[in-house]
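Single-structure report; data block below.
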Amino acid sequence: MDFPMEWRKTHAKPTPLFGGLAIFLSFFIILFLFINNGSIGEKALPKNILLGVFVGSIIIMIGGFLDDRYKLAPKHQIIFPTIATFIAIVSGTHISFITNPSGGVVNIVPVLGFIITFAWLMGMMYTTKFLDGLDGLVSGVTIIASFIIFIVSLFWDIKNSGTSHMSLMLAGAALGFLIYNFYPAKIFLGEGGSIFLGYMIGVLSIISGSKIATSILIMGLPIIDTLYVIIRRIRQGKSPAVGDREHFHYTLLDSGISQRKAVSIIYCTTLLFGLSSLFLNTKGKIIAICVLIITSIFLIKKLYSRSKNSRNHA
């Protein structure tokens, strides 16, 4: 149970945790049923990648349960996502090329590809972890991200791509959970659930053809917010892993916006930039990412200053 004892909590009564288990079970049970009846072949989804993602997800769920139950220190929390990332990489989930803006692709040497993959997966997991502050926020963003990746997967070079099936399964599982997780939430994702969703978004963006630029546009605002908060904490002499109310979604609340409206604003931003990625070439995506970065930093700084003034006057 999550008891609203910390000052940054937004819920009013004790709420069950570990709801991410429902998404985890729904996703993998349906996935294995599809594989078992032949709807997804090994060519579309190699067994080694599937096994690695599955084992890595189990590690994440175990770590999340331990953290929710025993409130692990940050140095212990990071162990489980790290192990899950290494398992995914060793099993075959890694970035081997990037798209050349001038045309074609640029192959990446394995060592560099592994490093980029590690940073990408860890970054996505901690983005959704830090984003999980308002009811329905992470589960809703996951639905949008999964559906955009599904559309991208339809244009991949393998017929009946396993990635398209997996994306819809993740979106469906998250949608079923969102019914109970939207404000006022009856159940929370828990640590394992929030990290698991980031893990799956990161993995799907890689195995759908290394659509990293697309995923950056989809998750751009939360990613930039996470980096901005970490840098700000370090500059203030604080630990980057210590929680506070300086994230974008909290500043929206402190600025006087209701929780439902704050979540809707982030939904719309995610959907807007996600859909734009479907109509842009590589150069267009790079330009859009630059626009996203500038706009996000401006909004984050503006709202942070505004919420800080509100707290001071309060």
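Read-outs: derived from the displayed coordinates by stated rules, not from any lab. Remember, predicted model here, so these are calculated numbers, not experimental data. Glycine also receives a Cβ, built like all others from the backbone with ideal geometry; neighbour counts cover every protein chain displayed.
Report the local net charge at residue 125: Lys and Arg +1, Asp and Glu -1, summed over other residues whose C-beta lies under 14 Å from its C-beta. My count for the surroundings of residue 125 gives -2.
A simple packing score, the average count of other Cβ atoms within 10 Å per residue, orders the peptides 139-151, 252-264 as 139-151, 252-264, with the highest score first.
If you average 1/r over all unlike Cα pairs in region 143-284 and invert the result, what Kirkwood radius do you get in angstrom? The Cα-based Kirkwood calculation yields 16.6 Å.
Over all directions, the projected convex hull of the C-alpha atoms in region 20-313 averages 15.2 nm² in area.
Candidate membrane-span-like segments in the chain, meaning DSSP H helices with Cα atoms spread over at least 20 Å of their own axis and a Kyte-Doolittle mean of 0.5 or above, are 20-36, 47-70, 110-131, 137-153, 162-181, 190-207, 220-235, 259-276, with no membrane implied. A straight chain from residue 83 to residue 293 at 0.36 nm per residue would run longer than the Cα-Cα distance by 72.6 nm. Subtracting the Cα-Cα distance of residue 186 and residue 25 from their residue separation scaled by 0.36 nm leaves 56.1 nm.
For residue 95, the amide hydrogen comes within under 5 Å of the amide hydrogens of 117, counting only partners 5 or more places away or on other chains and with H modelled in the peptide plane. From its DSSP helices (H runs of at least four residues, each -39,500 (n - 2.57)), the chain gives a residue-normalised ellipticity at 222 nm of -22500 deg cm²/dmol.
Taking 0.36 nm per intervening residue step and subtracting the Cα-Cα distance, what contour gain separates residue 48 from residue 69 on full extension? Fully extending the segment from residue 48 to residue 69 adds 4.4 nm.
Amide H contacts of residue 2 (H built 1.01 Å from N, in plane; Pro and chain starts excluded): 15, 17 sit under 5 Å, all sequence-distant by 5 or more or on other chains. Structure note, pairs 261/285; 71/302; 186/261: Cα-Cα distances above 21 angstrom occur for 261/285; 71/302. Here the simple spin-label model places points 7 Å from the Cα toward Cβ, and for residue 155 and residue 230 these points are separated by 3.0 nm.
Calculated FRET efficiency, residue 275 to residue 3, Cβ-Cβ distance, R0 = 35 Å: about 0.35 to the nearest 0.05.
Peptides 190-201, 172-183, ordered by how many other C-beta atoms sit within 10 Å of their residues on average, highest first, read 190-201, 172-183.
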